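**Student:** Just dropping this structure here.
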Amino acid sequence: MLPVLPKARKAMRNAFHNEIFRAMWNVCPILKEIRVRPQTEGKNASYQRDDGKIVETDYKRRSVEREWKFEDSRGLDPEAFLQTASDMGEEVGKKMMTDLLNTVKEATEEVGNVVNCEGKGLTFEKFLELVTKIYTEFDDFGQPRQKALLLSPEACQQFRASIKEWESDPAKRAALEQVTEQHRKAFYEREARRRMVD
């Protein structure tokens, strides 16, 4: 029987875990941008929306399993070992993305923040409506924090062309800046009302 090599085992475990997370984040880069607040106690959590409603967090367990028999692992090359980790990470990432999109869909429908393009694509008027409805935070320099817009590859190409056109039009650029200024004012008012907790 071969000796147990703890350092090699630890290195393999770390490489496997790193590959799982790399593949998970690569499913959609937006998953990396989500702020995480670890919960160390309890099994329940809630948050309060701007309208004052308290929403209970609905935890959903997501898991992916693979099983290897010792005989199957003999002669396993590093690429196949890491490919298994990559497949698992991708599967978890897809589950997370599906959950995320469903949760956002439910929340936007519940509060009325849905923007219906009525099959006409994202016109400037619809984009302005979208920007107006989006919750916006600002950094310490008063700049809006980046947001992500999920589009199909075709819609993304169209949006890139449209946004260049809209930003070159002074009237449309002024309308977007006005919405940003309204968001900035509302953000600072919210921040001023926040209570600090020990």
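**Student:** Scan segment 168-177 residue by residue and report those that are under 11 Å from Val131 (Cα atoms) and not small (Gly, Ala, Ser).
**Tutor:** Leu176, Glu177
**Student:** Given the structure, is Val36 within 29 Å of Arg190 (Cα to Cα) and outside any loop (DSSP other than H, G, I, E, B)?
**Tutor:** Judged against the criteria, Val36 is not a match.
**Student:** Within segment 109-198, which helices (runs of 4 or more DSSP H) (wholly inside it) include 2 or more residues that are over 18 Å from Arg49 (Cα atoms) and among the hydroxyl-bearing types (Ser, Thr, Tyr)?
**Tutor:** The helices (runs of 4 or more DSSP H) meeting that bar are 153-168.
**Student:** Could I ask something else about it? Report yes if some residue within segment 142-159 is more than 20 Å from the chain's Cα centre (by Cα) and among the acidic types (Asp, Glu); otherwise report no.
**Tutor:** yes
**Student:** Can you find a residue that is farther than 27 Å from Leu31 by Cβ and not assigned by TED's automatic domain parsing to the domain that holds Glu19 anywhere in segment 129-139?
**Tutor:** Among the residues of segment 129-139, not one is farther than 27 Å from Leu31 by Cβ and not assigned by TED's automatic domain parsing to the domain that holds Glu19, which makes the answer no.
**Student:** Out of the residues in segment 33-77 that are within 26 Å of Arg22 (Cα to Cα) and of a type in the set (A, V, I, L, M), which is surrounded by the most Cβ atoms within 10 Å (Cβ to Cβ)?
**Tutor:** Among residues in segment 33-77 that are within 26 Å of Arg22 (Cα to Cα) and of a type in the set (A, V, I, L, M), the one surrounded by the most Cβ atoms within 10 Å (Cβ to Cβ) is Val64.
**Student:** Looking at Glu71, Glu56, Glu79 in this structure, which one is over 16 Å from the mean Cα position of the chain (by Cα), under 30 Å from Phe187 (Cα atoms) and not aliphatic (A, V, I, L, M)?
**Tutor:** Result: Glu56 is the single residue among Glu71, Glu56, Glu79 that is over 16 Å from the mean Cα position of the chain (by Cα), under 30 Å from Phe187 (Cα atoms) and not aliphatic (A, V, I, L, M).
The values are calculated or read from the model by the stated rules, or taken from the named source; none is laboratory data. Because the structure is predicted, anything quoted here is derived from the model rather than measured. Neighbour counts run over all protein chains shown; Cβ positions are idealised from the backbone, glycine included.
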